[in-house]
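Inspection log for the structure reproduced underneath, given as structure tokens.
The values are calculated or read from the model by the stated rules, or taken from the named source; none is laboratory data. As the structure is a prediction and not an experimental result, all values here were calculated from the model. When we count neighbours, we look across all protein chains shown, and the Cβ atoms used for this are built from the backbone with ideal geometry, even at glycine. With ligands, DNA and RNA removed, areas are computed over all heavy atoms of the protein, side chains included. Shrake-Rupley method; radii C 1.70, N 1.55, O 1.52, S 1.80 Å.
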Amino acid sequence: MASLPSAVPSHPVVFTTQTPYTLPSQKFMIPLDWKRYQLSQLINKALDLPKPIPFDFLVHGEILRTSLLEWRTEKGVGEEDTLEIEYFESVMPPQRMSELPHEDWVSSVSCRIPQHFVTASYDGHLRLFDYSQNLVLDASVHQSPITSVCIVPSPPSDIESRILASSSHDLTACLTRIYLDSETPTASTVASLHLHTSPLSSISTDASGSHLLTSSWDGLIGVWDTSIPDDHQVNLERGDDRKKRRKTAPANIKRKAPIAVLKSHTARVSKAIFAAGEPAKGKAYSCGFDSTVRTWDVESGVCMNTINVPERPMLDLAETPDGNVLLAASTDRTVSIFDLRVSSLSSSTGVMMHPATPSCIATSESGKNQVVTGSYDGVARLWDMRSTKGAVTSFRVWDGMKVLAVDWAGDVVGIGGEGGMEVWRIAG
């Protein structure tokens, strides 16, 4: 047992880690007045690292934010009980990299095109910016506010163009092809998707880029393929002024019909996403204002499971890349955590409390246990799902303006909302 010289009482500790920086298995006697900084120094000294690496520490599922004595007193842990403490690399404070002003609210952002950002706005426009903050493309796609945009994955051979899928309050979704190979990128809307009778809330793609899901305030989820038909699949409707306006759409924008409709929600659907990972292929998840999270067999159109979370109307839904966890943002100022590995899951397995309504969620694609949420107080927060009592760090994006969208790719986080779009960097 390694004992450290100190007049302060100590406590037996065993360190574990999932990082490459592994200590030999042994028990340490740690002074009770030590906090994160001293523990991090100990790990660095024991490993004899050539360059110091800051570490954070998890004790019983919580990030250590006090001294060991304060933690032990709060938890009522006995003096002789050996503590198992997990250490992991600290996250550096997020850095604001740039801002991309918009005249109207930005409802959705994507960082999925290399060296570019895509924004969707309440003015019905999709915009493409490069990393130098230049506006390289501005396409008017919808007649009403756009609620969501996603990049449809394309074959590796197709490096010259991308398909953007967008959903709107104008009751349609659109597929817009953008061409990036020329000095002046161009865009053309090639198809419109027709099913819903109320505003659409989201659109999402599967990993292959072959299928899409739309969700709507009408309680329906549309399933679509991404092929562009030779002829219209939906006839033009006649009736109110909105439908008359749609008749002016160019003939080359093909009207698509869904290949399936998922019906089970009893109120507006906020988000529908395909399940991650090959084992979950053909499965989808959705959440809505009926305070439920539903699991779907997309091919059969059957709702396989419903999780009821009473009085938590849900605004957004995200899944970790490993397919193990779902997260749902709710109007009760929480983000609910659902561990999909739990058999017969019927309720949330944890919550992240927010001081204001969380509106959007993005998970880390690096496989780390990290999540970014954005909320109506203008603040984005970084969480570690192993310790959800409080955020690891938070960064104020705007004062008095809501965050409405967040996307995370690599170390770049794009944030959209009432103040336009900002780009932040999260390293570590």
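Might you tell me the accessible area per residue for the chain, computed with a 1.4 Å probe and given in Å²? Kindly include the intermediate steps, with their values, before the conclusion.
Numbers: 19540 Å² over 428 residues.
On a per-residue basis, the chain sits at 46 Å².
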Once all protein chains are kept in place, I307 shows an accessible area at probe 1.4 Å, nearest 10 Å², of 10 Å²
Given 20 °C, 1.002 mPa s and a Kirkwood radius over Cα pairs, the Stokes-Einstein diffusion coefficient of the chain in µm²/s is 92 µm²/s
What angle, in degrees between 0 and 90 and rounded to the nearest 10, separates the Cα long axis of helix 36-47 from the longest principal axis of the Cα atoms of the chain?
80 degrees
In debye to the nearest 20, the charge dipole size for the chain, taken about the Cα centre with +1 at each Lys and Arg Cβ and -1 at each Asp and Glu Cβ, equals 580 debye
Could you tell me which of A120, N324, T292 has its Cα farthest along the dipole of the chain towards the positive end, charges placed at Cβ (Lys, Arg +1; Asp, Glu -1), taken about the Cα centre?
T292
So what is the relative contact order of segment 246-320, in percent, for Cα pairs below 8 Å that sit 6 or more residues apart?
27 percent
Could you work out how far the C-alpha centroid of segment 119-151 sits from that of segment 160-212, in angstrom?
11 Å
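Compute and list, largest first, the equivalent-ellipsoid semi-axes of segment 3-132 from the alpha carbon gyration tensor, each √(5λ) rounded to a whole angstrom.
Equivalent ellipsoid of segment 3-132: 45, 18, 12 Å, largest first.
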T306 - accessible surface, heavy atoms, 1.4 Å probe, Å² rounded to 10:
50 Å²
Mean residue ellipticity at 222 nm from the helices of the chain, using -39,500 (n - 2.57) per DSSP H segment of n ≥ 4 over the full residue count, to the nearest 500 deg cm²/dmol?
-1500 deg cm²/dmol
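Taking the Cβ-Cβ separation of R65 and Q95 as r and a Förster radius of 22 Å, what is the calculated FRET efficiency to the nearest 0.05?
Calculated transfer efficiency: 0.50.
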With charges only on Cβ, +1 for K and R and -1 for D and E, what is the dipole size of segment 288-352 about its Cα centre, in debye, rounded to 20?
160 debye
Total charge dipole magnitude, segment 1-120, about the Cα centre, Cβ charges on Lys, Arg, Asp, Glu only, Debye to nearest 20
340 debye
Roughly how many nanometres apart are two label points built 7 Å out from the Cα toward the Cβ at S366 and L135?
3.3 nm
When the charge dipole of the chain is computed with +1 at the Cβ of Lys and Arg and -1 at the Cβ of Asp and Glu, the Cα pointing farthest to the positive end, of V397, L137, P250, is that of P250
